[in-house]
Amino acid sequence: MTKNEIAEILEEIGVLLELKGENPFKIRAYGSGARVLESLESDEFEQLVADGKLDSVKGIGAALAQKIGELHETGALGFYDKLKASIAPGLVEMLEVPGLGAKKIKAIHEKLGIDTMEGLAAACVDGRVAELSGFGAKSAAKIAEGIKNREAYGKRHLWWLANEVAQPIVAGLRERPEVKRAEAAGSLRRGMETVGDLDFIVASDEPAPVMTWFCELPEVKEVTARGETKSSVRFESGLQADLRIVPPGQFVFALHHFTGSKDHNVAMRQRALERGLSLSEWGLVPADGEGTAKEKAERGESKEVADEAGLFKALDMTFVPPALREGLGEIEAAEAGELPQLIEVGDLRGAFHNHTTASDGRNTLAEMVTAAEALGWDYLGIADHSKASFQANGLDEERLLKQVEEIRALNESGRFKTHVFAGSEVDILTDGRLDFADEVMAQLDYVVASVHNAFAQDEDTMTKRIIRAVENPQVTMLGHATGRLLLRREPYKVNLAKVIDAAIANDTIIELNASPWRLDLDWRLWRKAAERGLLCAINPDAHECDGLQHVRAGVSAARKGWLQPKHVLNTWTLEQVKARFS
DNA sequence: GCCGTTTTCGGCCCGACTGTTTTCAGTCG
């Protein structure tokens, strides 16, 4: 069993233990164990298992190491099977209903004997739920509504689309006279590829009108909670948004707290406690003394900080960019002053892997170059599909070579400041051969090799297929390494550790496909791969002019992968890229 | 279940809001 499959099971065990009413810290241990596992590279993981040293990894102790080992070796775990058999799947499903947690589900199950969603819906209607102690008519109605909408409510949302909703709201908040500062926090601010909901943090001494403005936004479908300092609303799309309004002096602490991640916050609080301080959204206050953190903050006992850099400094750390706050070593690096200077959108001088109307793009070559020039880019790579992608109107040799001529002529015409590289997104055929002969590809500036069919191949076949392409000297870079479509399609089965090894050995680039639906190769793999010498290209995979903007999503993911400008081909100068491609 | 150089036991981050309660448990982040 692979490490990611094992991580999923650990995650599930955590959920099942929750429904059993287990110790919350034990539950957390399974969840964080799963995340630690996901962050390990496959070969590193294999080595640790082989050496019996899994428990040397922080967050994995003897018990988890034993269970992981068993799953890895046998593909099964008695403890997990028994646990799973003891809990009806309907109870697990109920956790998706807003307002229902483990304790309430347990009560519903034990007192009413209900273990399916249908049974629960019926009991909400006929009044049985409302009669339970701790429940009432309102809870029953809320649960019934939640069941009806659980598909829309439960799902996550693409970072890109959530950001498009969030930014106008931040701008609107900042325009209000009562608002001193406003930011979107949460996983959106950390740049996670998908987000569950939006979190807005506002500094104001006069919260009431701001709260009213927010709850009455035209796109709000439902106000699910409304208090003096916090409200929650739900939009038509099912996306939920929280607004928290705090006094200006507490803004930085609230922003940090609600940016998370949970793992990062836990580590930060522990760090504060080691210094005799208590960190919360209210402030950084002495751990001892009378009252709650909130009361201490209100008495003015909190350290004062102007911005998040000041907060980190108070804990003897350098500023940790939100992208890195995942509890994956950023605390230690910030303490040692060893955080990387992360890549920024402004570092990009161009991008590769873009399409035109010659294959399945919506804009012509000239229109795409115009758009690139408007972005101030020094170069733009065109890589239309090859003939095997007939569904995408892929180019055959004749059309390809004609396009190359067209590009060369455009460069010579001096019409654009932006230089155009002539490339192709060449299909990797099912056996790893490429869709064009070497002598055809040799006439191009560069080649992106991508898999577009036979996704169902077994891992070994797919891995060999991709490695064969990566080893081809004509291949400049590997396109969307796993073929995943976020929230829509699972990645195909491939041993990425072996692919990364082959790419490093053959000096082949792997792209970070910046399409918000792909973000592939995943950010979790980049840190170690780049440290080992893998070069990245942030490729928008644009199918229209606006698509070039997707590099922003790519940079956001690259930052989460600790990438610096030097790790990314598109930060190179035109001359450097030309030299690389020659 | 994890962790640790004041600890191998006893901690483990902290607060807002809701709905059901008459002081708080559950949920959520």
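The values are calculated or read from the model by the stated rules, or taken from the named source; none is laboratory data. Just so you know, these numbers come straight off a predicted model, no measurement behind them. No Cβ is skipped: glycine too gets one built from the backbone with ideal geometry, and neighbour counts run over all protein chains shown. Note: accessible area is taken over every heavy atom of the protein model, side chains too, but ligands, DNA and RNA are not part of it. Shrake-Rupley method; radii C 1.70, N 1.55, O 1.52, S 1.80 Å.
Among the residues of the stretch A:325-364, write down those that are modelled with pLDDT of 95 or more and part of a helix (DSSP H, G or I).
Across the stretch A:325-364, the qualifying residues are A:345, A:346, A:347.
Evaluate the stretch A:70-77: report whether one residue or more is outside the structural domain of residue A:561 (by TED's automatic domain parsing), more than 15 Å from DNA strand B (Cβ to nearest atom) and charged (D, E, K, R).
Among the residues of the stretch A:70-77, at least one is outside the structural domain of residue A:561 (by TED's automatic domain parsing), more than 15 Å from DNA strand B (Cβ to nearest atom) and charged (D, E, K, R), which makes the answer yes.
If residue A:206 satisfies every condition in (1) more than 11 Å from DNA strand B (Cβ to nearest atom); (2) crowded, with 18+ Cβ neighbours inside 10 Å but one, which is the exception?
(2)
Here's the yes/no breakdown for (1) modelled with pLDDT under 95; (2) open to solvent by 60 Å² or more (accessible area, probe 1.4 Å):
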| position | (1), (2) |
| --- | --- |
| A:443 | no, yes |
| A:447 | no, no |
| A:450 | no, no |
| A:455 | yes, yes |
| A:460 | yes, yes |
| A:469 | no, no |
| A:473 | no, yes |
| A:478 | no, no |
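Return the pairs, sorted by first residue and then second, in which the second residue is among the charged types (D, E, K, R) and in a helix (DSSP H, G or I), the first residue lies in the stretch A:17-29 and is touching a residue at least 40 places away in the same chain (Cβ under 8 Å), the beta carbons are less than 9 Å apart, and the residues are 6+ apart or on different chains.
What qualifies is A:17/A:26; A:19/A:106; A:20/A:106; A:21/A:103; A:21/A:106.
Considering only the stretch A:228-282, state which residues are among the aromatic types (Phe, Trp, Tyr) and near DNA strand B (Cβ under 7 Å from one of its atoms).
A:258, A:282
Looking only at residues that are within 17 Å of residue A:56 (Cα to Cα) and within 13 Å of DNA strand B (Cβ to nearest atom) in the stretch A:1-38, which one is nearest to the chain's Cα centre (by Cα)?
Checked the stretch A:1-38; the qualifying residue nearest to the chain's Cα centre (by Cα) is A:35.
Just to check your reading of the model, which residue among A:64, A:100, A:95, A:112 is under 27 Å from the mean Cα position of the chain (by Cα) and over 30 Å from residue A:234 (Cα atoms)?
The conditions single out A:64.
Given the conditions (1) buried (at least 21 other Cβ atoms within 10 Å of the Cβ); (2) assigned to a loop (DSSP other than H, G, I, E, B); (3) not hydroxyl-bearing (Ser, Thr, Tyr), report the number of the one that residue A:533 does not fulfil.
For residue A:533, the failing item is (1).
With respect to residue A:523, determine if the residue is in contact with a Pro (Cβ under 7 Å, 6 or more places away or on another chain), open to solvent by less than 60 Å² (accessible area, probe 1.4 Å) and not basic (Lys, Arg).
For residue A:523, the condition - in contact with a Pro (Cβ under 7 Å, 6 or more places away or on another chain), open to solvent by less than 60 Å² (accessible area, probe 1.4 Å) and not basic (Lys, Arg) - is not met.
Among A:508, A:573, which is the only one that is open to solvent by less than 20 Å² (accessible area, probe 1.4 Å), more than 24 Å from residue A:358 (Cβ to Cβ) and polar (S, T, N, Q)?
Within the list A:508, A:573, the selection yields A:508.
In the stretch A:283-295, which residues are at pLDDT below 85 and more than 8 Å from DNA strand B (Cβ to nearest atom)? Step through it out loud before you land on a result.
Taking the stretch A:283-295 first, the residues at pLDDT below 85 are A:287-295.
Correct list: A:288, A:289, A:290, A:291.
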